[in-house]
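Student: The structure that follows is given in the form of structure tokens.
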């Protein structure tokens, strides 16, 4: 068990260094004998989505944070799309206005709040952090997945971790807390507890229009989150246009609706530590401006209302991506996770395409041959079906934080998966000790100019490397470009889903 722990941790930890938020409200002390064993400020868990059919989605996180460029936290400014916004807090305040501004005030605590935790990570993705979390649970070790900046796993200082686990013990001392403050023309009013905001005609937010209602809630890090409470079916209006495109063929839109609904349900505990379900950026599904959803998007959602994909009675991990470059990846080629039968490696194309290659494709020569072709692969019209990127030693040095007197000298693929995707990439500097090995999702997390991990790399000259690759995204599950291609060929949504997720069942999520 311990060997498995160690292997999975190394495979998913993109840098074995702790990333901490620099909050002016928190002081970090050296380890001593404090008796406080809680890992963080406890936040009430969100309601079960299966019961309420509603999601709490963050529109902005870490409110109240002071960054390096400003002396005070940025205000939260809310603007109505019509009639006045209505703000209420737990003490009975009701404030109506077309525009509302909220700032943040530091309130000194009568006595400090002290938290201890063992921190494992950071990880390049939730999926990799979750793998370690589940392994810890199997050993009876209570833990929490957190996202203060990058994904981490938090364990009580009182817990003994298995030998080989890399972690850092952190002590956090809160000497004051942040509270939201309503800014009024004649002064300020300190708000209490959760803040509720309704928008009768919608809220204008970052170029979009959102219906709400909205909340401002504290998180586990001493900051606050701006949230929208949205029914699952309405949530999809803000996902489909930004994930697959509102102009996609009807059956492709329907397939995406089923997957987005399934993904939301399966991942509704992703931000449980902070009291909400999902974020709205690429750490979750992209969710923004539901007002741009067209009739086709609405029809796709209606036609698949309440439908999800399940495996053994449970919503699947319905991952998807833009294009797989002609070959789909197994889930464990993308993240540190247990293999699942519905996320497997296969050649994604017509019989003419599939007959050209044999699995596995794990040698550079075979990957080069795959990348030299495109005709017959599904979704091969995508702009990133094939791609090239050139990286200089200086650019890599900047991205990876090599020391001032060190510079990358070699890049080598150490391991490939059956789809040809790179599982381990080594970058060596001119010092013997300066060698970095990135695995799985940590590769693109650190070299984020690479659209995928399906690539070959060659040195074109001293201090310059060319990456030639295919696909955009992790490559597991549905290829959106492939789904669009298949929809244009007359495939139904259910046939597309069965093709990309074999063995799953199409049913209601109740």
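Every number in this text was worked out from the coordinates using simple rules, so none of it is lab data. What you are looking at is a predicted structure, and each value in this text was computed from that prediction instead of being measured. We place every Cβ from the backbone using ideal geometry, glycine too, and count neighbours over all the protein chains shown.
Student: Report the label-to-label distance for residue 462 and residue 435 in nanometres (one decimal), using points 7 Å from each Cα along the Cα→Cβ vector.
Tutor: Label at residue 462, label at residue 435, 2.3 nm between them.
Student: Shifting gears a bit: Quickly rank 492-502, 236-246 as a protection proxy: mean count of other C-beta atoms within 10 Å, highest first.
Tutor: The most tightly packed comes first, giving 236-246, 492-502.
Student: Hey, could you get me the Stokes-Einstein D for the chain, Kirkwood radius over alpha-carbon pairs, 20 °C and 1.002 mPa s, rounded to whole µm² s⁻¹? Please report the intermediate quantities before stating the final value.
Tutor: Working: Rh = 24.7 Å.
Answer from the Stokes-Einstein relation: 87 µm²/s.
Student: Rounded to the nearest 500 deg cm²/dmol, what is the calculated helix-only ellipticity per residue at 222 nm for the chain, with -39500 (n - 2.57) per DSSP H run of length n ≥ 4?
Tutor: After summing the helix terms and dividing by residue count, I get -5500 deg cm²/dmol.
Student: Same structure again: With the contact rule set at Cα under 8 Å and sequence spacing of 6 or more, what percent relative contact order holds for segment 306-510?
Tutor: 34 percent
Student: Return one quarter of the surface area of the convex hull spanned by the alpha-carbon atoms of segment 306-510, equal to its mean projected area, in nm². Numbers along the way, then the final one.
Tutor: Numbers: hull surface 50.2 nm².
The number I arrive at for segment 306-510 is 12.6 nm².
Student: Find the Rg to Rh ratio for segment 192-302, where Rh is the Kirkwood radius over alpha-carbon pairs and Rg uses the same atoms. Numbers along the way, then the final one.
Tutor: Details: Rg = 14.5 Å, Rh = 14.7 Å.
Rg divided by Rh gives 0.99.
Student: Go through 330-343, 465-478 and give me the packing order, highest mean Cβ count within 10 Å leading.
Tutor: Going by the mean number of other Cβ atoms within 10 Å, highest first, we get 465-478, 330-343.
Student: Something else now. Would you give the gap between the C-alpha center of segment 135-180 and the C-alpha center of segment 222-297, rounded to a whole Å?
Tutor: Spelled out, the Cα-based centre of one part sits 28 Å from the other.
Student: What ranking do 85-95, 263-273 get when scored by the average of other Cβ atoms within 10 Å per residue, highest first? Walk me through the intermediate numbers first.
Tutor: Values: 85-95: 15.0, 263-273: 21.3.
Taking the mean over residues of other Cβ atoms within 10 Å, the ranking is 263-273, 85-95.
Student: Hey, another quick one. Give the value in nm², to one decimal: projected area of the alpha carbon convex hull of segment 194-240, averaged over all directions.
Tutor: 4.1 nm²
Student: Grab the Cα-Cα distance for residue 99 and residue 399, subtract it from 0.36 nm times how many residues apart they are, and report the gain in nm with one decimal.
Tutor: That works out to 104.0 nm of additional length.
Student: With label points built 7 Å along Cα→Cβ from the Cα atoms of residue 88 and residue 365, find their separation and express it in nm.
Tutor: 7.2 nm
Student: While we're here: Working from the alpha-carbon coordinates of segment 250-396, get Rg over Rh, Rh being the Kirkwood radius.
Tutor: 1.01
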